[in-house]
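> I have a structure I would like to understand better, so I am pasting it below and will then ask my questions one at a time.
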Amino acid sequence: MSSDLKPSLAVWKFASCDGCQLTLLDCEDELLAVADQLEIAYFPEASSAMAAGPYDLSLVEGSITTPHDVERIQAVRRDSKFLVTIGACATSGGIQALRNFGDVEELMSIVYASPAFVSTLETSTPISDHVQVDFELRGCPIDRSQLLEVIGAYLAGRQPVIASHSVCMECKLKGNPCVMVANGTPCLGPVTHAGCGALCPTFNRGCYGCFGPAETANTDAMIAALNANGMGDDEVERLFHTFNAWSRPFRSAPVPVAPPIRKTR
Amino acid sequence: MEGLNTVGLVEVLTLDGLDDVVRVLRDQGRKVIGPIVRDGVITHDEFDSVSELPHGWTEDQDGGRYRLVPTGTDEVFGFSSPSTSWKRYLYPERTLLIRARRDNGTVEVVQPQPDAPAVAFFGIRSCDLVALGILDRVFLDREATDPTYAARRSDVFIVAAACNRPGKTCFCASMDTGPTPRSGFDLSVRELHGDGRHEFLVEAGSERGTELLATIASRRATTADLDTAQALHGRAAASMGRRMDPQDPPLAALDPDHPRWDDVANRCLACGNCTMVCPTCFCNATEDSTNLTGTEAERWRVWDSCFSIDFSHLHGGSVRSTVKSRYRQWLLHKLVTWHDQFDVSGCVGCGRCITWCPVGIDLTAEITALATPQQSAGRKGVPS
Ligand code: SF4
Ligand code: SF4
Ligand code: SF4
């Protein structure tokens, strides 16, 4: 295929840690195949070449946290034929969405020496709150093979094979004994979206919910089970309020309260 | 006498004799798979000698709870159903169905030969043995035979083991599927333990079982041995923690508007653990994948569950979008419509779905409540 016929790829960053973009760079062997199939038109993290849009496929990392972001995401959408969000920040607001539960003014006064210079929104919100998203890839960070699956599916013009059921199903496909049942270890697997291959339960740890809520997550029943395993409301809240705190099913678990940020000297 | 197949040889072996059985099976080139302790549970894996079996371990199983507990004895089979069922050895979690390659405009499709290692199942319980019979009906005794299952199933050597210590979630006695294996084995072992003795009453259930047993140093079983085994069977059958009516209620008796459906839907996480651990659940999804350059494609069969949304996704969406409809599908298929489809219940009473449900939902309790007529509360205020 001659290079000007290749679909173009753009990778965008909003409020995020860059971990998901790094997952793309981490693809090593497959990265060459990706570069062979797609023209990498805009990817500041990887290259200084910044071709103008429109782009065929945009991967968007990060959440919307500033007035500037609000405008920029509209421009990204206008310039993208197919827009895929990558990671927990872009799909649910990320860890930075803990601000949504508190008072941003107060938080800024704690964190910054001169808060007057900071222009920020009261909330950190997912991309889908602002523009239409064609596919959301979950994870904090995303899984390498899932990213390649999404790109491969895009190139082949088919649906990506990305399950939206629970982590428990992956856990059982691996033959793991359940850590909740066998050890009483709190595990968010039953309400968490698959994708990690049940990484933590495979190492005898409870699931932290990195991939956000599974389809039809029954958080009320999950909270009752965590309580029955001896977890108090504070602990339950800390468990749910991490990378996907602002996703709807996790948001109100168990009660919305200010994040545990303490003033330091 | 319960479970004794008088056609075959019945012998009494020592622990060393039992180890000889394992050795002979291994010498036949078989992978011998049996119960072992790992990650705080009794599961299955390949093992070399009976010393690796869960000597002195039993488990405390209840709804959503499993803990290993020492028996304080040297019993080898002092536990009940292991955490995993045996279906994965015959019907693997993931199976490659076809592989296709595109080259210069031609597409070559290859169907891989099913990989069928020679294995022996050692210590399979009566409930799980009955479950294999059910999977046989599903995968073999139909118009289409499943090639992977058929290849893996054809030559499995089965050493069954009776349960002396059923768990709190066991109910094979009421389902008439245990605790002593009745048929479908090459050898069946009953551990004779107590009063200072530790021996194994071994019965052959096939010609190759008889041949193998004849090569092991043993003594002929006496009436006293058979009486001991029978007494152990009676004690085990009387100590099941759960029970269920094997005459599962007819579909018409299960009111679709019974308030219990909403009640269980509120508790159910739709996580799928129950179907994954069930020895008879066989549903799967077909996954197609392609490589980045579009030159290779693969089709895989992967275990799926009626608790996932995609499972009932037809054009336009899932026909079972609520957890209530998914729990209902599972319970009704398992206990009611399975009879119409396969002429047998889909439940063998192993209790795994109760133990391994993270919130301890118990089908024996659900079906009892659902079969008890109650005024429907309708959909009032309950998300379904
Ligand atoms: S360990 Fe966690 S992910 Fe695995 S089955 Fe149990 S609850 Fe589900
Ligand atoms: S019954 Fe239990 S194991 Fe099954 S899907 Fe519901 S919560 Fe999960
Ligand atoms: S339905 Fe439950 S008790 Fe019955 S066979 Fe399946 S896992 Fe065992």
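The values are calculated or read from the model by the stated rules, or taken from the named source; none is laboratory data. This structure is a prediction, so every number in the text was calculated from the model and none was measured. Reconstructed Cβ throughout: ideal geometry from the backbone, glycine too, with neighbour counts over all protein chains shown. For the accessible areas, the whole protein counts, side chains as well, though only heavy atoms, and no ligand, DNA or RNA atoms are used. Shrake-Rupley method; radii C 1.70, N 1.55, O 1.52, S 1.80 Å.
> Could you tell me which of rounded, prolate or oblate describes chain B, using a ≥ b ≥ c as the square roots of the eigenvalues of the alpha-carbon gyration tensor, with rounded for a/c under 1.5 and, failing that, prolate when a/b is larger than b/c and oblate otherwise? Write down the numbers at each step before the final one.
Values: a/c = 2.12, a/b = 1.24, b/c = 1.70.
It comes out oblate by the Cα gyration axes.
> Compute the separation of the alpha-carbon centres of the stretch B:179-210 and the stretch A:123-194 and state it in Å as a whole number.
Here the answer is 46 Å between Cα centres.
> Averaged per residue, what accessible area in Å² does chain B show with a 1.4 Å probe, protein chains only? Each step should come with its number before you reach the end.
Numbers: 16180 Å² over 384 residues.
On a per-residue basis, 42 Å².
> Could you work out the mean count of beta carbons from other protein chains within 10 Å of each residue's beta carbon in A:60-67?
On the way: counts 0, 0, 0, 0, 0, 0, 0, 0.
What the average comes to for A:60-67 is 0.
> How would you classify the stretch B:99-212 from its alpha-carbon gyration tensor, with a ≥ b ≥ c the square roots of the eigenvalues: rounded for a/c under 1.5, else prolate if a/b is greater than b/c, otherwise oblate? Spell out each step's value before the answer.
Numbers: a/c = 3.06, a/b = 2.34, b/c = 1.31.
Cα axes put the stretch B:99-212 in the prolate bin.
> Need one number: buried accessible surface between chains B and A, 1.4 Å probe, both sides summed, DNA, RNA and ligands left out, in Å² to 100.
Numbers: alone 17540 and 13380 Å², together 28100 Å².
That pair of chains buries around 2800 Å² in total.
> If you average the C-alpha positions of the stretch A:32-54 and of the stretch B:301-328 separately, how far apart do those two centres end up, in angstrom?
Cα centroid of the stretch A:32-54 versus Cα centroid of the stretch B:301-328: 39 Å apart.
> Compute the orientation-averaged projected area for the stretch B:32-114 from the convex hull of its Cα atoms and round it to one decimal in nm².
Details: hull surface 33.7 nm².
If I average the Cα hull's projected area over directions, I get 8.4 nm².
> Compute the normalised compactness of the protein assembly as shown: alpha-carbon radius of gyration over 2.2 N^0.38 Å, N being the residue count. Kindly include the intermediate steps, with their values, before the conclusion.
Numbers: Rg = 28.2 Å, N = 649, 2.2 N^0.38 = 25.8 Å.
Here the answer is 1.10, to two decimals.
> Under 9 Å from the Cβ of B:ALA217, count the other residues' Cβ atoms, weight Lys and Arg +1, Asp and Glu -1, and hand me the total. All intermediate terms of the calculation are to be shown ahead of the outcome.
Working: positive: B:ARG219; negative: B:ASP16, B:ASP20.
My count for the surroundings of B:ALA217 gives -1.
> Could you work out the relative contact order of the stretch B:251-376? I mean the mean sequence separation of Cα pairs under 8 Å and 6+ apart, divided by the number of residues, in percent. Kindly include the intermediate steps, with their values, before the conclusion.
Numbers: 148 pairs, mean separation 44.4, N = 126.
So the answer I get is 35 percent.
> Take the Cα coordinates of the stretch A:167-251, assign each an equal point scatterer, and use the Debye formula without solvent to give log10 I(q)/I(0) at q = 0.11, 0.20, 0.21, 0.23 Å⁻¹.
-0.24, -0.85, -0.94, -1.13
> Let me ask another. Does chain A classify as rounded, prolate or oblate by the C-alpha gyration tensor (a ≥ b ≥ c root eigenvalues; a/c under 1.5 gives rounded; else a/b over b/c gives prolate, otherwise oblate)? Show your work: numbers first, answer last.
Working: a/c = 2.32, a/b = 1.25, b/c = 1.85.
Because a/c hits 1.5 or more and a/b fails to exceed b/c, chain A counts as oblate.
> If you don't mind, another one. What average number of partner chain Cβ atoms lie no more than 10 Å from the Cβ of the residues making up B:33-42?
Values: counts 0, 0, 0, 0, 0, 2, 7, 5, 6, 1.
What the average comes to for B:33-42 is 2.
> Using modelled amide H (1.01 Å from N, peptide plane; none on Pro or chain starts), what sits under 5 Å from the amide H of A:GLY139, excluding residues fewer than 5 places away?
Residues meeting the amide H criterion: A:GLY87, A:ALA88.
> Between A:PHE117 and B:ARG235, what FRET efficiency comes out of the Förster formula 1/(1 + (r/R0)^6) with R0 = 60 Å and r the beta carbon distance, rounded to 0.05? Mind dumping the intermediate values first?
Details: r = 79 Å, r/R0 = 1.31.
Result of the calculation: an efficiency of 0.15.
> Return a whole-number percent for the relative contact order of chain A, with Cα pairs under 8 Å and 6 or more residues apart as the contact set.
Numbers: 488 pairs, mean separation 46.7, N = 265.
For chain A, the relative contact order is 18 percent.
> Can you name the helices of chain B, as whole DSSP H runs, whose Cα span along the helix axis is 15 Å or more and whose Kyte-Doolittle mean is not below -0.5? Could the numbers behind the result be given before it?
Details: long enough: B:15-27 (18 Å, 0.05); B:126-139 (20 Å, 1.34); B:223-237 (21 Å, -0.23).
Membrane-span-like by this criterion, though nothing is claimed about a membrane: B:15-27, B:126-139, B:223-237.
> Something else: Could you tell me what percent of the DSSP beta bridges with both partners in the protein assembly as shown are antiparallel, to the nearest 5? Please report the intermediate quantities before stating the final value.
Numbers: 53 of 80 bridges.
Beta bridges within the protein assembly as shown, antiparallel portion: roughly 65 percent.
> All other residues with a Cβ under 15 Å from the Cβ of A:VAL60 taken together, and with Lys, Arg as +1 and Asp, Glu as -1, what is their net charge? Write down the numbers at each step before the final one.
Working: positive: A:LYS13, A:ARG72, A:ARG77, A:ARG78, A:LYS81, A:ARG138; negative: A:ASP18, A:GLU45, A:ASP56, A:GLU61, A:ASP69, A:GLU71, A:ASP79, A:ASP129, A:ASP134, A:GLU136.
Its environment carries a net charge of -4.
> When only Cα pairs under 8 Å and 6 or more residues apart are kept, what is the percent relative contact order across chain B?
On the way: 767 pairs, mean separation 83.9, N = 384.
After rounding, I find 22 percent.
> Another question, if that's okay. Tell me the net charge near B:ALA150. Cut-off is 12 Å between Cβ atoms, B:ALA150 excluded, with +1 for each Lys or Arg and -1 for each Asp or Glu. Numbers along the way, then the final one.
Working: positive: B:ARG142, B:ARG152, B:ARG153; negative: B:ASP136, B:ASP141, B:ASP146, B:ASP155.
Cβ neighbours under 12 Å give a net charge of -1.
> I would also like to ask the following. Counting only heavy atoms of the protein chains, get the accessible area per residue of the stretch A:167-251 (1.4 Å probe) and round it to a whole Å² value. All intermediate terms of the calculation are to be shown ahead of the outcome.
Numbers: 2950 Å² over 85 residues.
Dividing the accessible area of the stretch A:167-251 by its residue count gives 35 Å².
> For the pair B:ASP48 and B:GLU93, what calculated FRET efficiency results from E = 1/(1 + (r/R0)^6), where r is the Cβ-Cβ distance and R0 = 35 Å, to the nearest 0.05?
The pair B:GLU93/B:ASP48 has a calculated efficiency of 0.90.
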